[in-house]
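**Student:** What follows is a single structure, and I will ask about it in a moment.
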Amino acid sequence: QHDRVSLMAREMLPVLLKRLNPGDERSKTLKALLASWDGNMDKERNEPIVFALWMERLKSRLLADELGTEFNDFRGNRASLLEKLIEDEASWCDDITTTDAETCEMQVNAAWADAMAWLDANAKDQSAWRWDRWHIARFSHPIFGNIPGLSGLGGFAIGTGGDDATVNRGSFTVSTARIPFRHRHGASFRAVYDLSDLRRSQFSLAGGQSGNLFSPHFKDLLQSWANDDSFPLTPPPGPPPGPGAGRIILTPGA
């Protein structure tokens, strides 16, 4: 689905892949996989975590030496900046803390090795590379979520797709976070309005219509939200509502 295609992946992969020189069969296979990937950050795919790790480690290798202690405050993947440095400002690829002169190609390959090492240490089985094994949206109950010992009551979690550069946003934590790649920010309510016929508009809601833990509607819309499914909001069929129903008209004050 187009709303899960990462513009960042489409922008950066050509820049990175032409500089990657895989030295083992696994890396050769993964390079071919990324070369044919359209950037879809689907929750069932393996490419998203490989790309996310590669970008994270490349950013560190290019910027951490110059920024020093301020690097930790320079958040986000900064894809446009990394592309600019690699393509036009190659001096940034040199690590100023070493006596050697590192090239951009060297740093791209070193960042790749860093990503492979993280996967070997944290997701040895390639089946664990699926994006939804890591990219999990967690929803806490507004009351119980803040009470020690009860924080898990009334909350729910689900694996999702997306990243910070997809229409359906799914920004995530770094690999060194307490919960690596946790889905941090995104739209809990989504709407696509059909301006030619508003009755055909589509909506998506994370959770359900009810905040009552015992209601069947407490989280009945969660799975469809994670699957990018949507629903219309149309009046029920049949005659107009009977007595007791009405229309409220809001008029701006003077």
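**Student:** How would you order 88-99, 52-63 from highest to lowest mean count of nearby Cβ atoms within 10 Å?
**Tutor:** On the way: 88-99: 12.5, 52-63: 22.3.
Packing order, densest peptide first, comes out as 52-63, 88-99.
**Student:** Then there is this: Bins of 5 Å, beginning at zero and ending with the bin holding the largest distance: percent of Cα pairs per bin for the chain, please.
**Tutor:** Each 5 Å bin holds this share of Cα pairs: 1, 5, 10, 14, 14, 13, 11, 9, 7, 6, 4, 2, 2, 1, 0, 0, 0.
**Student:** So, by mean Cβ neighbours within 10 angstrom, what's the order for 226-232, 156-162 with the highest one leading? Please report the intermediate quantities before stating the final value.
**Tutor:** On the way: 226-232: 14.4, 156-162: 20.4.
So the peptides 226-232, 156-162, ranked by packing, come out 156-162, 226-232.
**Student:** Starting from the Cα gyration tensor of region 180-225, take the square roots of the eigenvalues, sort them a ≥ b ≥ c, and report rounded, prolate or oblate (rounded when a/c is under 1.5, otherwise prolate if a/b is larger than b/c, else oblate). Mind showing how you got there, number by number?
**Tutor:** Details: a/c = 3.47, a/b = 1.34, b/c = 2.59.
Cα axes put region 180-225 in the oblate bin.
**Student:** Sticking with the crude label model, points 7 Å out along Cα→Cβ, report the distance from D125 to F231 in nm, one decimal please.
**Tutor:** Output for this residue pair reads 3.5 nm.
**Student:** Also: As an exercise, use a Förster radius of 45 Å and the Cβ-Cβ distance of N72 and Q223 to find the FRET efficiency, rounded to the nearest 0.05. Display every interim value, and only then the final one.
**Tutor:** On the way: r = 36 Å, r/R0 = 0.80.
After rounding, the FRET efficiency stands at 0.80.
**Student:** Ignoring ligands, DNA and RNA, what percent of the accessible area of region 25-75 is carbon or sulfur (1.4 Å)? Present the calculation step by step, with values, prior to reporting the outcome.
**Tutor:** On the way: 1080 of 2410 Å².
The C+S portion of the solvent-accessible surface of region 25-75 is 45 percent.
**Student:** Under 16 Å Cα to Cα from K84, which lysines show up? Leave out anything in the same chain fewer than 8 places away.
**Tutor:** Straight-distance partners of K84: K18, K59.
**Student:** Using +1 on the beta carbon of Lys and Arg, -1 on that of Asp and Glu, and nothing else charged, what's the dipole of the chain about the Cα centre, debye to 20?
**Tutor:** Numbers: 28 positive and 33 negative charges, 256 e Å.
Around 1220 debye, computed over the chain.
**Student:** Take the alpha carbon gyration tensor of region 116-254, find the square roots of its eigenvalues, order them as a ≥ b ≥ c, and report rounded if a/c is under 1.5; if not, report prolate when a/b exceeds b/c, else oblate. Mind dumping the intermediate values first?
**Tutor:** On the way: a/c = 2.50, a/b = 1.87, b/c = 1.34.
Since a/c reaches 1.5 and a/b is larger than b/c, the shape of region 116-254 is classed as prolate.
**Student:** Two decimals is fine: what is log10 I(q)/I(0) at q = 0.13, 0.20 Å⁻¹ for region 1-120, from a Debye sum with one equal scatterer on every Cα and no solvent?
**Tutor:** One equal scatterer on each Cα of region 1-120 leads to -0.50, -1.17.
**Student:** Something else: To the nearest 20 Debye, how big is the dipole of region 128-254 about its Cα centre, given +1 on the beta carbon of each Lys and Arg and -1 on that of each Asp and Glu? Write out the running numbers ahead of the final one.
**Tutor:** Details: 12 positive and 8 negative charges, 60 e Å.
With Lys and Arg at +1 and Asp and Glu at -1, about 280 debye.
**Student:** Now for a separate question. Which residue, L17, A165, L63, has the largest displacement toward the positive end of the dipole of the chain when charges sit on each Cβ (Lys, Arg +1; Asp, Glu -1)?
**Tutor:** A165
**Student:** Further question on the same structure: What angle, in degrees between 0 and 90 and rounded to the nearest 10, separates the Cα long axis of helix 79-88 from the longest principal axis of the Cα atoms of the chain?
**Tutor:** Computed tilt is about 30 degrees.
**Student:** Whole-Hz Karplus ³J(HN,Hα) for region 159-174, in order, using 6.51 cos²θ - 1.76 cosθ + 1.60 and θ = phi - 60°, x for Gly and Pro?
**Tutor:** Result, rounded to whole Hz: x, 9, x, x, 8, 6, 10, 10, 4, 7, 5, x, 5, 9, 6, 7.
**Student:** Mean residue ellipticity at 222 nm from the helices of the chain, using -39,500 (n - 2.57) per DSSP H segment of n ≥ 4 over the full residue count, to the nearest 500 deg cm²/dmol?
**Tutor:** Details: 6 runs with 77 residues, N = 254.
That calculation yields -9500 deg cm²/dmol at 222 nm.
**Student:** What FRET efficiency comes out for the pair D197/T173, r = Cβ-Cβ distance, R0 = 51 Å, nearest 0.05? List each step's numbers first, then the result.
**Tutor:** Values: r = 41 Å, r/R0 = 0.80.
Step by step, r from the Cβ atoms, then E = 0.80.
**Student:** Determine the per residue accessible area of region 81-213 with all protein chains present and a 1.4 angstrom probe, expressed in square angstrom.
**Tutor:** Values: 7470 Å² over 133 residues.
The answer is 56 Å² per residue.
**Student:** When DSSP beta bridges are limited to those with both residues in the chain, what percentage is antiparallel, rounded to the nearest 5? Intermediate results must be reported in sequence, preceding the final value.
**Tutor:** On the way: 12 of 13 bridges.
Restricted to the chain, the bridges split so that about 90 percent are antiparallel.
**Student:** Of the peptides 191-200, 210-219, how do they stack up when ordered by the mean number of other Cβ atoms within 10 Å, highest first?
**Tutor:** Per-residue Cβ counts within 10 Å, averaged per peptide and sorted highest first, yield 210-219, 191-200.
**Student:** With everything on Cα atoms, drop me the angle between helix 104-122 and the longest principal axis of the chain, reported from 0 to 90° to the nearest 10.
**Tutor:** 60 degrees
**Student:** Angle check, please: helix 25-35 long axis (alpha carbons) against the longest principal axis of the chain (alpha carbons), in degrees 0 to 90, nearest 10.
**Tutor:** 50 degrees
The values are calculated or read from the model by the stated rules, or taken from the named source; none is laboratory data. Here the structure is a predicted model, which means the values were calculated and not measured. Positions of Cβ are backbone-derived with ideal geometry, glycine not excepted, and every protein chain shown enters the neighbour counts. Each accessible area value is taken on the protein alone, full model and side chains, heavy atoms only, with ligands, DNA and RNA left out. Shrake-Rupley method; radii C 1.70, N 1.55, O 1.52, S 1.80 Å.
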